[in-house]
Amino acid sequence: MFRIRIGQRDVEGYLFLLPWLIGLVIFRLVSIVASAGLSLMSWDLLQPPHFVGLQNYQDLFADNLFWTSLFNTLYYVVGSVPLSLILALLAAFLLNRPLPGVGVLRTVYYLPSVTTGVAVALLWQWMFEPTYGVIDTILGWFHVPGPPWLGSTTWAMPALILMSTWGIGSAMVIFLAGLKGVPQHLYEAAAIDGASGWHQFWNVTVPMLTPVIFFNLIIGIISSFQVFTQAYVMTNGGPANATLVYILYLYNQGFSWLHMGYASALAWILFIIVLGLTTFIFRRSAWVYYEGAGR
């Protein structure tokens, strides 16, 4: 008969894990179950909730703001994720060289990614200011008229996408770790075959980095779908709902308009979208090369 033996060290390990497990159960698992139940109810926080079944989900598909927020979020994801990945890879490639003070530069590139989101949003809001903002001032030096940025329905979302490059530090550090793991003998063999620097990068570095690119891609997509602070602080969804992203609309439904059941339904729809998209990407990950795995 199979028996599980738990020793003293196992008990000590579980005791160390206990605070995290309690937090996971109370603040995550219970909340997930509660939101699933609330999505089937109508509740304004003031009156007792009452069951409405799938009515909240049916109302979603007739809600124009739902589709607007979903489109804006997809716009942000498609714009910010590739741009951030390319810039993070470029920064990692440049900072992987043995240059004087490269450690300081790596720190400088990484620090913005751990800065408070509200502070960063206020900083960029000032930078995008059309009258005295830094960006339009620099464009003025080259006699290029700067757009109104956050005051324009055309430029507001590109401004948020541009701002997303501020936080490439985390992806850059992961790319740096991946670059350190590329075997040097591959570069030597490529050099012997006469490969130029670009060919070595494209045919050696990029294939060996595909697991890291894949990881940063998945994390970037998930985090981009949850964009909130920038739109809330800088534009509050404006102008004319041009930056009304999904999480901001969810927040407004739940905490501004007290439609908690509807907000819970929005949360579950977002979960299904992100789950479906990441599952699709995983199933189409044949381009990822795992050394020693025959792929």
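The values are calculated or read from the model by the stated rules, or taken from the named source; none is laboratory data. Just so it is clear, the structure is predicted and the values come from calculations on it, not from any experiment. Positions of Cβ are generated from backbone atoms using ideal geometry, with glycine treated the same way; all protein chains shown enter the neighbour counts.
Quick rundown of the values:
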item: In segment 197-242, the residues that are within 16 Å of the chain's Cα centre (by Cα), crowded, with 20+ Cβ neighbours inside 10 Å and closer than 23 Å to Trp126 by Cα; result: Ser224, Val227, Gln230, Ala231
item: Residue check for Ser31: in contact with a helix residue (DSSP H, G or I) (Cβ under 7 Å, 6 or more places away or on another chain) and assigned to a helix (DSSP H, G or I); result: no
item: Any pair with Cβ under 7 angstrom, 6 or more apart, that starts in segment 152-171 at a residue that is under 11 Å from Gly238 (Cα atoms) and ends at one that is polar (S, T, N, Q) and part of a loop (DSSP other than H, G, I, E, B); result: Ala156/Thr243; Met157/Thr243
item: Subset of segment 92-116 (residues that are among the aliphatic types (A, V, I, L, M) and surrounded by 10 or more Cβ atoms within 10 Å (Cβ to Cβ)); result: Ala92, Leu94, Leu95, Leu99, Val102, Leu105, Val108, Leu111
item: In segment 162-188, the residues that are in a helix (DSSP H, G or I) and over 30 Å from Met127 (Cβ atoms); result: Ala177, Gly178, Leu179, Lys180, Gln184, His185, Leu186, Tyr187, Glu188
item: Wholly enclosed helices (runs of 4 or more DSSP H) of segment 193-257 bearing at least 2 residues among the aromatic types (Phe, Trp, Tyr); result: 206-225, 246-251
item: Which listed residue is in contact (Cβ under 8 Å) with a residue 40 or more places away in the chain, of a type in the set (A, V, I, L, M) and under 27 Å from Gly181 (Cβ atoms), from Leu46, Leu83; result: Leu83
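Each row is one residue, and each column tells you yes or no for (1) modelled with pLDDT of 90 or more; (2) within 17 Å of Leu89 (Cβ to Cβ); (3) under 26 Å from the mean Cα position of the chain (by Cα).
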residue: Pro145; (1), (2), (3): no, no, no
residue: Trp149; (1), (2), (3): yes, no, yes
residue: Thr154; (1), (2), (3): yes, no, yes
residue: Pro158; (1), (2), (3): yes, no, yes
residue: Ile168; (1), (2), (3): yes, yes, yes
residue: Met172; (1), (2), (3): yes, yes, yes
residue: Leu179; (1), (2), (3): yes, yes, yes
